[in-house]
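Just so it is clear, none of the values below were taken in a lab; they were calculated from the coordinates. Source: prediction; values computed, not measured. Positions of Cβ are backbone-derived with ideal geometry, glycine not excepted, and every protein chain shown enters the neighbour counts.
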Amino acid sequence: MSKNIPIEAEKTEVGPCHYSVTVKVPGDRVTQEFDHAYKAAAQGVKIPGFRPGKAPVSVLRQMMGDGVKEHAKEHIFEHCSGDAIEALGLRGDVLRILDFDPEPYEVTEGEDLEFTFELETLPIVELPEWSELDVEPQDMEATDEQYQETLGSLGANHQKFDDVEDGAVDEELLADIDLVYELDGEAGPEAAGLKFGLGSPLYGADADKYDEALRGTKAGSEFELDVEFNEGFSIEDWVGKTGQAKIKVNKVVQPRVATEEELAEALGIESAEELRERVMERLGFDNQQRERDRQAAELLDSVVRLRPFEMPQRMIEEEAVSTIKSNMERMQQQGATEEQAKEEAAKHEDEVKEDCERRLKNWFVLRKIAQTEKIRVSKKDLDMAYRQLGAQQGVDVKMVKQYYKENKMVDGLRSDIMESKARAFLVDTIAAQREKAVASAE
């Protein structure tokens, strides 16, 4: 293929890392691009008298007519915008081309073409000398307060129920019940030893009627409630019908958190002392990880403060919009109305934008660290991440790999691993630097 006829390109700064690029394409280049488009469209097409791909453009034009024009138009904008980026010395610095619409432009063979597009470039990140950075480490030892808090949480997740003689169900006491569903006298699903309290409605029953029937019941009480068998009920033929739930109260119980000894037994640990040892060890590990995260965040903020750089504003705004939308959805899931979620989000809009800018800047700093220090993500790193994800979700590693590949999430996982390794490098480098300084002072 002959060398492309050059184009002219000029850039105008619109904002930080944001440029408007004007491209002037001479008529001969337009014709050349049409020739390229015809040849590309003819690949694999058999033309009598010519070997595949060797038919002259003049023959291709006669055969294909104007059918290739739209393809040629796309071809021109794609190639010429790429050449413009190259000519302006931006190759490798372009983050993305913004919302370019070729539709308004008329492209005619042999006639000059001028078009404009906007692009964002990567921010210019410079790293300071590591000797310019430091962070004061904090105590990472697990505390008794943390242990008691963890014990309370574990105990709540492994509740125990003490019998209450002559007790009656109220806001604090629960009923231990046996339950059977019926439809027209026919018995259906049943369960024994269920723990029910006020405010925890029975499947298919009216919440108010359920509370009214359960309140004040004692051991030996029996009652029934009308229930609607909704979609998903285990007996398909009952769905959409009204039946009954027959309930017998076996006893009234007082829920409480499990003691250390009971927790140890429930978790298969020999003694309360060993439980404490294991919990404190885990708390120490978690404290250490939180401390590393804190140090990484402080060090990244220091890098940005020492070597400030500008970010594409549109990127920050898009990130903020996405974050605000997620926050609003979470608030609505927690019971807020759409209007309440909007009002609450509006209060924190500026704070969200600042946080988004900070997070994006940190990401670009970590990217720069990875490039400078030649930090790579290996196949071994990916495999380890797949194994960890599989263990967390309780699924086979092969299923995790397949899911990430099918949903095109591998690059995102690779980016997360790179970011994690760059953070670890930063924290470890400054820690080693601090230890060396302490050793020299001694």
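A few points about this structure:
- The single residue among Gln340, Gln433 that is touching a Ser or Thr at 6+ places or on another chain (Cβ under 9 Å) and in a helix (DSSP H, G or I) turns out to be Gln433.
- The numbered conditions (1) assigned to a helix (DSSP H, G or I); (2) touching an Asp or Glu at 6+ places or on another chain (Cβ under 6 Å) are all true for Phe285 except (2).
- Test for Asp350: is it in contact with a Gly (Cβ under 8 Å, 6 or more places away or on another chain), of a type in the set (D, E, K, R) and over 30 Å from Met140 (Cβ atoms): no
- In the range 122-164, the residues that are among the acidic types (Asp, Glu) and touching a residue at least 40 places away in the same chain (Cβ under 8 Å): Glu126, Glu132, Asp134, Glu141, Asp162, Asp163
- Among the residues making up the range 206-238, a single one is over 16 Å from Leu173 (Cβ atoms), assigned to a loop (DSSP other than H, G, I, E, B) and either β-branched (Val, Ile, Thr) or touching a residue at least 60 places away in the same chain (Cβ under 8 Å) (or both): Ile235.
- When each of Gly394, Gly412 is tested for being more than 29 Å from Leu122 (Cβ to Cβ) and free of Cβ contacts under 8 Å to residues at least 40 places away in the same chain, the lone residue that passes is Gly394.
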